[in-house]
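J.: This is the structure I want to talk about, given as structure tokens.
The values are calculated or read from the model by the stated rules, or taken from the named source; none is laboratory data. Since the model is a prediction, treat every value here as computed from it, not as a measurement. All Cβ positions, even for glycine, are placed from backbone atoms using ideal geometry, and neighbour counts span all protein chains on display.
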Amino acid sequence: MSSSGQPPPEPFRVSQLLYDTRYRSYTIQIFALAVLMLAFAWAIDNAVRNLEALGKDIDFSFIFETSAYDINQHLLDYDSTSTHGRAAVIGIINTILIAVMGCITATVIGVLAGVLRLSRNWVVARLMTVYIETVRNIPVLIWILFTVAIVNEVLPGVRSFRGEDAMTGLLFDSVFITNRGFYIPAPVFEAGSAAVGVVLLLSMAAAWYFGRWARARQAATGQILPVFWGRLAILVIPVLLAFFAAGSPISLEIPALKGFNFKGGIYMRDSLIGLWLALSVYTGAFIAEIVRAGILAISKGQTEAAYALGIRPGRTMSLVVLPQALRVIVPPLISQFLNLTKNSSLAIAVGYMDATGTLGGITLNQTGREMECILLLMAFYLAASLTISGAMNAYNRSVRLKER
Amino acid sequence: MAGEKSVAFVAEQQIPPSPPPVRTGGALGWARDNLFSGVFNSVATLLSLAFVAYILAMVVPWLFIDSVWNASSLQGCREVDDGACLAVINERFLQFVFGFYPEELRWRPILAFVLLFVAIWPALFSSAPRKLLIFSALYPLLAYWLIWGGSLWGPVGAVVGIAIGWACIRFLPPLLARGRLDEGLAFLAAVGAGILGAALWWLFCVIAFEEALSTVLAISLEPVESARLGGFLLSTIIGVSGIAGSLPIGIVLALGRQSNLILIKGVCVGFIEFIRGVPLITLLFVAWLLLSYFLPPGTEFDLILRVVIMVTAFASAYMAEVIRGGLAGLPRGQYEAADSLGLDYWKSMRLIVLPQALKISIPGIVNTFIGLFKDTTLVIIIGLLDPVGLLQPIRADQNWNGIVWELYGFIALFFFIFCFAMSRYSMYLERNLDVGHR
């Protein structure tokens, strides 16, 4: 009697677009897309009309025009007849320089402070707490201005290295710390240094291969080779031999006082030094907290289990605790590196010519092309951040716990 | 007992326990355990103590004993004593607080600051009367009016716009539905009408409304231009509005990033990653130089307001990531339980997920607040006069030329007090809300 067929399909009603979960997501997304596109169209239309009213256009050709300004610290050749594009590259290299230097020292400071804050020594632990809390709660800009002021006001002037009772430089009179910045020896490469470089690369590869071979051998036979000393020997001896065989082609040029200033060597400006110290100390405090959290995250049972297996304390640290702690430490550590790189844009406040100082500073002011300059500047920082965070995600995937 | 002969080698009463060796108990023992337990530790302790003593010996006499509070120039300070010349702070204190805000009008920012505490009271403490939340909602416009001045009817006009939109969404659907219009369509139409109505009001009617009411009943404060705002007042304005704006926007972005709707998710991810990928300075440059390009020609738009918008956008991207961490940290069962109760998306988020997720992310949220407040100092680069920006004019002043440490120390102390207080409050909140998983 009763027919058990499909119920007749309901006629489509408009309200289903909003109340039926099958359609609702499309409704919302289409609506959002429409609003978004309208907003973009509105903004771009405004921009076009505003630019037209000012008689401007979007034009990147200024990159190839002469910059006509000097950059006081440059690693590549540059003078005021170079192009704006070249100035931007110099700025970007300066940003990378400060970022790499800062990341290295910040990591050293941070790891030390983080470990010491966990120390059983009450005085040391409290001192580290004070350091971390003080640094973290004061803006980085103030730290940068403060350290540059310290360099300028506290360090001895160049004049005090001259005359009767002159000061001598550090490290056998080769490093000079003055209120204008640091003067350090520069390596000078002569003919034949390329051979030394090649030998260095080869011995690095050999050292890496030796480590792998030693590990495989240990896994197969149980014998432990002195990997550290072996690697050191492989790294140092051939390079030294090649260095002397090629007739010592690499020498140091030591800065010397000529007239009112030091000549020769590498000159690190006061702004570079101040920025570097401030960023290291500031980011170091954040890294210290990350390191501390990472170590605390590894439960005590792990160490105790390692001891119960008879593993010595040093190896417990390197084989059991550190690999696990690193999994916790590395992601936030890298985001601190990114923060440091982004904070290095504050160089503009102390006159260090990084990417923001050249591209977003003088080039922008001289050419009046704010739209193009800021776009390029943002593109640079964005590319750097996305590259690093992409690498971080790849690392995270490789060390992730394989849960089953 | 009496008949038994005592044995010489058996003690007749229990010997009282002897005190522990001096070297393991008390302060000495503690010091031995914690400070001098080995050669390395002893050296570290001594070095740290020497360092602390050195710093104290340098700072304490300079700051407390030899300091000068009353003088009219650095020269005058040096004549009295060679310690810290705190006279500069004494003289310029009000400038540090208010910037160049007109002297006779300074009661207005002070009043706004006091009212700020009334406004955030119900947000910080659940014991406060709930009705105060209405005041909190109206506070931003009130504070704007107090600080910038102008006619009261401008902010009121803005509120009326919001009210129009709300009224459309609240009251139109039943009316439209009665007219045989489909229910869902009625709601959509009401939302559209609300947005359109508010937009029309703001675009075309606000100015007429303001002028009309001003002629009838002129309530206005003397206007103060943005260029005169500065000092801690400016930092607080940018910081507080950034904080207040970034939390709700951050929550929306975090939910959007978790959404199943691909387009919404894409937009949110793109926004967050873009903002987190560039330094705040570039965004401030955008606020300074570019933002007005994207607005209709001829729009005059206050620089401080533009900066607040960009700072808020910046902080909300970071906030979104913090809250996303909280959302991800919540056990899946909570989401499923909310679904199985039949709650719709917004209800399940509002009643089940967000309260717990926000609780987990409190430390991160407060850290973002602290970072935002510290980042307000960056506005000196685009020429606003926050406390750091006021340093330059002071040091350029002939009287105070050559003064360095006192000024940096003073500003650092201000930021330290605020940020440290915020971090302590977050710890208190964490402990208070930590009911544990029973």
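J.: Just need a number here: residues in the stretch A:160-196 that are surrounded by 14 or more Cβ atoms within 10 Å (Cβ to Cβ) and part of a helix (DSSP H, G or I).
T.: Counting residues in the stretch A:160-196 that are surrounded by 14 or more Cβ atoms within 10 Å (Cβ to Cβ) and part of a helix (DSSP H, G or I) gives 4.
J.: Find all pairs meeting these conditions: Cβ atoms under 6 angstrom apart; at least six residues apart or on different chains; first residue within the stretch B:104-130 and not assigned by TED's automatic domain parsing to the domain that holds B:Ile238; second residue at pLDDT 90 or above.
T.: B:Pro109/B:Leu233
J.: Within the stretch B:374-413, how many residues turn out to be more than 26 Å from B:Cys77 (Cα to Cα), in contact (Cβ under 8 Å) with a residue 40 or more places away in the chain and among the β-branched types (Val, Ile, Thr)?
T.: Here the count works out to 5.
J.: When only residues in the stretch A:27-69 that are within 9 Å of another protein chain (Cβ to nearest Cβ) and of a type in the set (Gly, Ala, Ser) count, which is farthest from A:Ser15 (Cα to Cα)?
T.: A:Ala53
J.: Being outside any helix (DSSP H, G or I) and among the acidic types (Asp, Glu) is the filter here, so list the residues in the stretch B:264-310 that pass it.
T.: If the condition is that a residue be outside any helix (DSSP H, G or I) and among the acidic types (Asp, Glu), then B:Glu300, B:Asp302 are the ones that fit.
J.: Mind listing just one residue for me: the one in the stretch B:17-59 that is assigned to a loop (DSSP other than H, G, I, E, B) and of a type in the set (Ser, Thr, Tyr) and, of those, farthest from the other protein chains (Cβ to nearest Cβ)?
T.: B:Ser18
J.: Here is a further query. Take the stretch A:133-159 and flag every residue that is surrounded by 13 or more Cβ atoms within 10 Å (Cβ to Cβ), at the interface with chain B (Cβ under 8 Å from one of its Cβ atoms) and out of contact with any Phe, Trp or Tyr (no Cβ under 8 Å at 6 or more places or on another chain).
T.: A:Leu141
J.: Pull out all pairs, ordered by first then second residue, where Cβ-Cβ is under 9 Å, the residues are six or more apart or on different chains, the first lies in the stretch B:228-247 and is in contact (Cβ under 8 Å) with a residue 40 or more places away in the chain, and the second is surrounded by fewer than 24 Cβ atoms within 10 Å (Cβ to Cβ) and polar (S, T, N, Q).
T.: Qualifying pairs under 9 Å: B:Gly230/B:Gln95; B:Gly231/B:Gln95; B:Ser241/B:Thr312; B:Gly242/B:Thr312; B:Ile243/B:Thr312; B:Ala244/B:Thr312; B:Gly245/B:Thr312; B:Ser246/B:Thr312.
J.: Would you point out which residue out of B:Asn367, B:Asn401, B:Asn432 is at pLDDT 85 or above and polar (S, T, N, Q)?
T.: Result: B:Asn367 is the single residue among B:Asn367, B:Asn401, B:Asn432 that is at pLDDT 85 or above and polar (S, T, N, Q).
J.: Return the only residue of A:Asn72, A:Asn94 being away from chain B (no Cβ under 14 Å) and modelled with pLDDT of 90 or more.
T.: The unique qualifying residue is A:Asn94.
J.: Related question: Regarding the stretch B:355-372, can at least one residue be identified that is without any contact (Cβ under 8 Å) to a residue 24 or more places away in the chain, part of a helix (DSSP H, G or I) and farther than 30 Å from A:Leu346 by Cβ?
T.: Yes, the conditions are met somewhere in the stretch B:355-372.
J.: Right, something else. Can you find a residue that is loosely packed, with under 12 Cβ neighbours inside 10 Å and out of contact with any strand residue (DSSP E or B) (no Cβ under 7 Å at 6 or more places or on another chain) anywhere in the stretch A:59-73?
T.: Scanning the stretch A:59-73, I find at least one residue that is loosely packed, with under 12 Cβ neighbours inside 10 Å and out of contact with any strand residue (DSSP E or B) (no Cβ under 7 Å at 6 or more places or on another chain), so the answer is yes.
J.: For the stretch A:304-355, which positions are among the hydrophobic types (A, V, I, L, M, F, W, C) and under 22 Å from B:Ile381 (Cβ atoms)?
T.: The answer is A:Leu338, A:Leu340, A:Leu346, A:Ala347, A:Ile348, A:Ala349, A:Val350, A:Met353, A:Ala355.
J.: So, one more: Within the stretch B:202-246, track down each residue that is part of a helix (DSSP H, G or I), under 26 Å from B:Arg106 (Cβ atoms) and of a type in the set (Val, Ile, Thr).
T.: Once the filter is applied, which keeps residues that are part of a helix (DSSP H, G or I), under 26 Å from B:Arg106 (Cβ atoms) and of a type in the set (Val, Ile, Thr), the stretch B:202-246 yields B:Thr236, B:Ile237, B:Ile238, B:Val240, B:Ile243.
J.: What pairs come up if the first residue lies in the stretch A:383-400 and is within 8 Å of another protein chain (Cβ to nearest Cβ), the second is aliphatic (A, V, I, L, M), and their beta carbons are under 6 Å apart, counting only those six or more places apart or on different chains?
T.: A:Ser385/A:Leu338
J.: Is there a residue being more than 14 Å from chain A (Cβ to nearest Cβ), in contact with a Cys (Cβ under 9 Å, 6 or more places away or on another chain) and not in a helix (DSSP H, G or I) anywhere in the stretch B:392-400?
T.: Yes, because at least one residue in the stretch B:392-400 is more than 14 Å from chain A (Cβ to nearest Cβ), in contact with a Cys (Cβ under 9 Å, 6 or more places away or on another chain) and not in a helix (DSSP H, G or I).
J.: Name the single residue, out of those in the stretch A:361-370 being surrounded by fewer than 19 Cβ atoms within 10 Å (Cβ to Cβ) and closer than 14 Å to B:Trp288 by Cα, that is nearest to the other protein chains (Cβ to nearest Cβ).
T.: A:Glu370
J.: Same structure, new question: How do the helices (runs of 4 or more DSSP H) wholly within the stretch A:301-404 filter down when requiring 2 or more residues that are under 19 Å from the mean Cα position of the chain (by Cα): which remain?
T.: The helices (runs of 4 or more DSSP H) meeting that bar are A:322-343, A:370-399.
J.: Then there is this: Have a look at B:Leu111, B:Leu116, B:Leu63 and point out the one that is away from every other protein chain (no Cβ under 14 Å) and within 30 Å of A:Ala113 (Cβ to Cβ).
T.: B:Leu63
J.: From the list B:Leu303, B:Leu289, B:Leu283, which one is farther than 18 Å from B:Gly364 by Cβ and buried (at least 20 other Cβ atoms within 10 Å of the Cβ)?
T.: Going through B:Leu303, B:Leu289, B:Leu283 in turn, the sole match is B:Leu283.
J.: Right, next: Could you grab me the full set of residues in the stretch A:214-238 that are buried (at least 17 other Cβ atoms within 10 Å of the Cβ) and either hydroxyl-bearing (Ser, Thr, Tyr) or in contact (Cβ under 8 Å) with a residue 40 or more places away in the chain (or both)?
T.: None; the set is empty.
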